[in-house]
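Single-structure report; data block below.
Here, each number is a calculation from the coordinates, and none is a lab measurement. Here the structure is a predicted model, which is why all the values come from computation and not from measurement. With ideal geometry, Cβ positions are generated from the backbone for all residues, glycine too; neighbour counts draw on all protein chains shown.
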Amino acid sequence: MKIALFPGSFDPITKGHQSIVNRALPLFDKIIIGIGYNSTKKTLFSLEERKKWAELTFKNNPKIEVSTYEGLTVNYCKEVNAKYILRGLRNVNDFTFENNIAMMNMDMDNAVETIFLCTIPKFSAINSSIVRDIILNKGNASQFIPEEIKQYFC
Ligand code: ADP
């Protein structure tokens, strides 16, 4: 069974994340959206909220699971038997950052391959940190949020 882990903060999940998962679906038997918990990284939304929104976004798809984890992503891959890490690339900055992480993950566990999908142009500007800024400044960020959960952001 081909299992991919899509790790991230998902603070909050956006249409950009949703699109990467949907496009990766034909490649894998199961995709686990892994919401990483890092006690030193401050998030706007709680782990419970981020998990609930990811679950609601994909609630009609039995191939997608949502979970939370702490610690190294490669260790979590082993725990859930994921041989692939899925990541999205918006631009060259993402590539530089993601490429380093992928190479270091490969050094730590060469049985896990990182698969990158380039974003589709209409979602390439969507960024969770800008979405958070809009929300913090009382703007309406719902157009960047999956339709399934946008009522929580109006
Ligand atoms: P992290 O804190 O690990 O960067 P994010 O939740 O910000 O977590 O992102 C998770 C993954 O989703 C990353 O691979 C990121 O590049 C990708 N991603 C984020 N926004 C988009 C987007 N608009 N289009 C495609 N990929 C995206």
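With a 10 Å Cβ neighbour count serving as the proxy for reagent exposure, in which order, fewest first, do ILE149, ILE20 appear?
Lowest to highest Cβ neighbour count: ILE149, ILE20.
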Original post:
Going from the alpha-carbon gyration tensor of the chain, what semi-axes, largest first and in whole Å, does one get by taking the root of 5 times each eigenvalue?
Top reply: 24, 17, 16
**OP:** Could you please rank ILE115, ILE35, placing first whichever residue has the fewest other Cβ atoms within 10 Å of its Cβ?
**Re:** ILE115, ILE35
Original post:
Relative contact order of the chain: what whole-number percent is it, with Cα pairs under 8 angstrom and at least 6 residues apart?
Top reply: 30
Original post:
Which of LYS42, LYS78, LYS63 moves most in a GNM of the chain, Cα contacts under 10 Å?
Top reply: LYS42
Original post:
Is the shape of the range 66-154 best called rounded, prolate or oblate, per the rule: a/c under 1.5 gives rounded, else a/b larger than b/c gives prolate, else oblate, with a ≥ b ≥ c the square roots of the Cα gyration tensor eigenvalues?
Top reply: prolate
**OP:** With springs only between Cα atoms under 10 Å apart, run a GNM on the chain and tell me which of PHE28, PHE45, PHE97 wobbles the most.
**Re:** PHE97
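Just rank LEU27, LEU86, fewest to most, by other beta-carbon atoms within 10 angstrom.
Starting with the residue having the fewest Cβ neighbours, the order is LEU27, LEU86.
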**OP:** Over 14 Å, how big is the tail of the calculated P(r) for the range 56-114, in percent of all Cα pairs?
**Re:** 63
Subject >> GNM result for the chain, Cα springs below 10 Å: residue of VAL66, VAL92, VAL131 fluctuating most strongly >> reply: VAL92
Original post:
Do you know the Lys pair count in the chain for C-alpha distances under 14 Å, with sequence separation 8 or more or different chains?
Top reply: 11
